[in-house]
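Undergrad: I'd like to ask you about the structure that follows.
The values are calculated or read from the model by the stated rules, or taken from the named source; none is laboratory data. What you see is a predicted model, and the numbers here were worked out from it, not measured in a lab. Virtual Cβ from ideal backbone geometry, glycine too; neighbours counted across all protein chains shown. Accessible surface is based on the protein model in full, side chains and every heavy atom, while ligands, DNA and RNA are left aside. Shrake-Rupley method; radii C 1.70, N 1.55, O 1.52, S 1.80 Å.
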Amino acid sequence: MVNQFLWVIFPYICMAIFIFGHIYRYRTDQFHWTAKSSEFIEKKQLMIGSILFHLGIIPVILGHVSGLGIPKSWLHAVGVNDHLYHIGAIYVGGFFGFMTLLGMIILTFRRFTIRSVRMLSSASDLVVNSLLLFIVLMGMYATLVTNVVQPEFDYRDSISVWFRDLFFLRPDPALMSGVPLSFKIHVLAGFAIFALWPFTRLVHVWSVPLIYVGRSYILYRKHKTN
């Protein structure tokens, strides 16, 4: 019963909240669809942490998409064997994961320790920062520690298959029964952040200012004074 809830019901609840929560938030709260800037309070740590986090998280996301979404047999078909894949996952993924982790540590430390930044933050800001840090930390632990301690475990034979089956409405919770605890926690925390996403400042991710690419230049003219 517990496995059924964790690996079937809970993921669908989180995905439903993610989708319908965004629709509700957009229809009722567009004026707060942004991230409150605290740059004017403290700039140095924000700049360093943001650069590290954003440069690291993009390759990490792409790695998750390929690892979870692309079947192992497809990679074998194009010449990517298990050894080559794991080298890339551990060393390349570990490098960008560490960059992301360092960025999140700096950003979270800044938000909790600088009084003026903390006062500007909402409760959801503090929760999101903490949860993101925890997710990245567990991902790094699973990649660099669990994979070394349990080298025989290949998440592409269990987690990836279970994850893809979610979208075909046929998830098998038995696939997750033998998954190491660190991977399980990482997966569940990942779904939890998707459920929180629509109700936090994370929604600003979708506010990409594409309109500025084609917008005409704003001309400023100097007026002579007599």
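Undergrad: Answer yes or no: is there a residue in segment 102-117 that is over 15 Å from L46 (Cα atoms) and of a type outside the set (S, T, Y).
TA: Within segment 102-117, none of the residues are over 15 Å from L46 (Cα atoms) and of a type outside the set (S, T, Y).
Undergrad: Does G103 qualify as being more than 23 Å from T200 (Cα to Cα), touching a residue at least 24 places away in the same chain (Cβ under 8 Å), open to solvent by less than 40 Å² (accessible area, probe 1.4 Å) and not acidic (D, E)?
TA: no
Undergrad: State whether one or more residues within segment 174-188 are touching an Asp or Glu at 6+ places or on another chain (Cβ under 9 Å) and hydrophobic (A, V, I, L, M, F, W, C).
TA: Checked segment 174-188: at least one residue is touching an Asp or Glu at 6+ places or on another chain (Cβ under 9 Å) and hydrophobic (A, V, I, L, M, F, W, C).
Undergrad: Only one of (1) aromatic (F, W, Y); (2) open to solvent by 90 Å² or more (accessible area, probe 1.4 Å); (3) closer than 21 Å to V145 by Cα fails for F96. Which number is that?
TA: Only one criterion is unmet by F96, namely (2).
Undergrad: Name the helices (runs of 4 or more DSSP H) wholly inside segment 121-226 in which the number of residues that are at pLDDT 95 or above, open to solvent by 60 Å² or more (accessible area, probe 1.4 Å) and under 24 Å from P59 (Cα atoms) is 1 or more.
TA: 123-141, 181-196
Undergrad: Okay, moving on. Is it true that some residue in segment 12-19 is of a type in the set (S, T, Y), at pLDDT below 80 and surrounded by 12 or more Cβ atoms within 10 Å (Cβ to Cβ)?
TA: Within segment 12-19 (the criterion being of a type in the set (S, T, Y), at pLDDT below 80 and surrounded by 12 or more Cβ atoms within 10 Å (Cβ to Cβ)), the answer is no, since none of the residues qualifies.
Undergrad: Within the set of pairs 6+ apart or on separate chains, which have a first residue in segment 86-97 that is at pLDDT 90 or above, a second that is open to solvent by 60 Å² or more (accessible area, probe 1.4 Å) and in a helix (DSSP H, G or I), and C-beta atoms under 6 Å apart?
TA: G94/L144
Undergrad: Taking the residues in segment 60-79 that are outside any helix (DSSP H, G or I) and either open to solvent by less than 90 Å² (accessible area, probe 1.4 Å) or of a type in the set (K, R) (or both) as candidates, determine which candidate is farthest from L132 (Cα to Cα).
TA: G79
Undergrad: Give me a count of the residues in segment 20-37 that are modelled with pLDDT of 85 or more and open to solvent by 70 Å² or more (accessible area, probe 1.4 Å).
TA: Count: 6.
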